[in-house]
1. When you go through Gln37, Gln20, Gln11 one by one, which is the residue that is open to solvent by 100 Å² or more (accessible area, probe 1.4 Å), closer than 21 Å to Ala72 by Cα and either among the polar types (S, T, N, Q) or in contact (Cβ under 8 Å) with a residue 60 or more places away in the chain (or both)?
2. State whether one or more residues within segment 59-72 are over 15 Å from the mean Cα position of the chain (by Cα) and on the phi > 0 side of the Ramachandran plot.
3. Which members of segment 20-38 meet the condition of being of a type in the set (Phe, Trp, Tyr) and part of a strand (DSSP E or B)?
4. Identify all residues within segment 42-84 that are under 20 Å from Arg32 (Cβ atoms) and open to solvent by 60 Å² or more (accessible area, probe 1.4 Å); write none if there are none.
5. Please pick out the residue among Asp49, Asp82 that is under 21 Å from Glu25 (Cα atoms) and either of a type outside the set (Ser, Thr, Tyr) or more than 12 Å from the chain's Cα centre (by Cα) (or both).
6. Considering only residues that are charged (D, E, K, R) and modelled with pLDDT of 95 or more, which ones fall in segment 23-50?
7. Find the helices (runs of 4 or more DSSP H) located wholly in segment 42-111 whose residues include 2 or more that are free of Cβ contacts under 8 Å to residues at least 40 places away in the same chain and of a type in the set (Gly, Ala, Ser), and list them.
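The values are calculated or read from the model by the stated rules, or taken from the named source; none is laboratory data. Source: prediction; values computed, not measured. Ideal geometry is used to build each Cβ from the backbone, glycine not excepted, and the neighbour counts take in all protein chains shown. We work out accessible area using only protein heavy atoms, side chains counted, and drop any ligands, DNA or RNA first. Shrake-Rupley method; radii C 1.70, N 1.55, O 1.52, S 1.80 Å.
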Amino acid sequence: MSVTFELDGQQFMALNAGPQFGFTEAVSFFVRCETQQEIDELWDKLTADGGAPSRCGWLKDKYGLSWQIVPATLGRMLSDQDPGKSKRVLDAMLKMDKLDLKRLQQAWTGE
């Protein structure tokens, strides 16, 4: 009925609550990635074998669990004190499924 597991030193417990309680986006794993290569690798592995991409760095794995795969710098770019920079990043992000670090950085710098 339950299982405990560890991810990156953090303990988790999962409970089999039956089919009436499926996965929703209310619970997701948030993964900060340092490079586009890391984003690409995780994205490809998690959407393989029945997973599905979604908007703004979100995806569902083959079990229906939601993940957010994002560049580690995204929070800083979205909260920049220059509202023009943060708006450009947000506008770029809203057009993406898998996040493209280079395109986000270009939006942030105004390129």
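1. Testing whether each residue is open to solvent by 100 Å² or more (accessible area, probe 1.4 Å), closer than 21 Å to Ala72 by Cα and either among the polar types (S, T, N, Q) or in contact (Cβ under 8 Å) with a residue 60 or more places away in the chain (or both) leaves just Gln37.
2. Within segment 59-72, none of the residues are over 15 Å from the mean Cα position of the chain (by Cα) and on the phi > 0 side of the Ramachandran plot.
3. Once the filter is applied, which keeps residues that are of a type in the set (Phe, Trp, Tyr) and part of a strand (DSSP E or B), segment 20-38 yields Phe29, Phe30.
4. Asp44, Lys45, Pro53, Arg55, Trp58, Lys60, Arg76, Leu78, Ser79 - these are the residues of segment 42-84 that are under 20 Å from Arg32 (Cβ atoms) and open to solvent by 60 Å² or more (accessible area, probe 1.4 Å).
5. Asp49
6. Arg32, Glu34, Glu38, Asp40, Glu41, Asp44, Lys45, Asp49, listed by residue number.
7. Where helices (runs of 4 or more DSSP H) fall fully within segment 42-111 and carry at least 2 residues being free of Cβ contacts under 8 Å to residues at least 40 places away in the same chain and of a type in the set (Gly, Ala, Ser), they are 83-93.
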